[in-house]
Amino acid sequence: MKENSIISPDHRIRVHDRTFRPYIRKDEIEEMVREIALGINRDFAGEELTVLVILKGAMVFASDLIRQLTIPITVEFTKASSYGNAMKSSGTLSIEGLLTEVTDRNVMIIEDIVDTGTTIRELIKHLSGLHPKSITVAALLSKPSMHTESQTTVDYVGREIAPDFVVGYGMDYAGQGRQLDAVWVASEETIA
Ligand code: IMP
């Protein structure tokens, strides 16, 4: 029996001070990652790719994704944060350690989840000035109704979701919950 199949919809977990319920199973995530990798391998056949992993949230997704890429890749990291300890984007972004050697390279930004789209837009703006060959974005999840600009393009997305707050598979709530192997969504209920 798969580990996932024993998590019932009634199951609840606590992360920090909030309760979360099951949202996306581990096997569904694996399928989403497989599909994204297939698309990238197909679209970049014969090319090389620099994947730019946005820490900390995208580390789990990126480590699964890159092991399914069959094209030559290099891996770079940058740290971007807009949430702090809250469940809502602060709207201001801090970017640390952004690589600069992207000229003439195919750069793919790897995000865990696109919410307002500020993070990817700011990174794309910065990277564009460095004259890469191409810039694309791969995200496990996206919340289209939260995008604050209509031209927020996510080239490879595992699933579009409602504007709910999720944790697990790298994504955190107040720094916790990243190690969960499935995705859980914030529930209004409280655990007694
Ligand atoms: P954006 O800049 O508003 O698109 O926010 C993107 C970043 O916010 C992601 O890289 C995540 O770190 C974080 N984020 C957005 N939504 C969630 C969520 O539901 N759970 C956990 N982190 C999230």
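The values are calculated or read from the model by the stated rules, or taken from the named source; none is laboratory data. Small disclaimer: the values here were computed from a predicted structure and weren't measured. In this analysis, Cβ positions are derived from the backbone assuming ideal geometry, glycine residues included, and neighbour counts consider all displayed protein chains. Accessible surface is based on the protein model in full, side chains and every heavy atom, while ligands, DNA and RNA are left aside. Shrake-Rupley method; radii C 1.70, N 1.55, O 1.52, S 1.80 Å.
Gain on full extension, evaluated as 0.36 nm per residue between Glu35 and Gln179 minus their Cα-Cα distance, stands at 49.6 nm. Select from the range 97-192 those trypsin sites (Lys or Arg not before Pro) which occupy a DSSP coil region and have at most 15 other Cβ atoms within 10 Å, ordered by residue number. The qualifying sites are Lys133. At a probe radius of 1.4 angstrom, the accessible area of the chain per residue rounds to 51 square angstrom.
Tell me what the chain gives for mean residue ellipticity at 222 nm when only DSSP H runs of n ≥ 4 count, each as -39,500 (n - 2.57), the sum divided by the residue total, rounded to 500 deg cm²/dmol. Value at 222 nm, helices only, nearest 500: -6000 deg cm²/dmol. Listed values for the range 148-163 are Karplus-derived 3J(HN,Hα) couplings in whole Hz (6.51 cos²θ - 1.76 cosθ + 1.60, θ = phi - 60°), namely 8, 9, 5, 8, 7, 9, 10, 5, 10, 10, x, 7, 8, 10, 5, x, and x replaces Gly and Pro. Around the amide H of Glu111, modelled in the peptide plane, lie the amide H atoms of Ala138, Ala139, Leu140, all under 5 Å away and 5 or more residues distant in sequence or on another chain. Take every DSSP beta bridge whose two residues both sit in the chain; close to 40 percent of them are antiparallel. Give me the net charge for the shell around Asn41: Cβ to Cβ below 15 angstrom, other residues only, Lys and Arg +1, Asp and Glu -1. Cβ neighbours under 15 Å give a net charge of -3.
In a DSSP loop and with at most 15 other Cβ atoms within 10 Å, the GluC sites (Glu not before Pro) in the range 1-80 are Glu47, Glu48. Taking Val53, Val114, Val102 as the candidate residues, the one with maximal mean-square fluctuation in a Gaussian network model of the chain, Cα springs under 10 Å, is Val102. Each residue of the range 101-192 gets 119 Å³ once the volume of the Cα convex hull is shared out per residue. Springs between Cα atoms under 10 Å define the GNM used for the chain, and in it the highest mean-square fluctuation of Phe61, Phe165, Phe44 occurs at Phe44.
Normalised size of the chain, defined as Cα radius of gyration per 2.2 N^0.38 Å with N residues, equals 1.03. A Gaussian network model of the chain, with springs between Cα atoms under 10 Å, assigns the largest mean-square fluctuation among Gly117, Gly175, Gly57 to Gly175. Sequence-distant contacts, meaning Cα pairs under 8 Å at least 6 residues apart, place the relative contact order of the range 100-159 at 42 percent.
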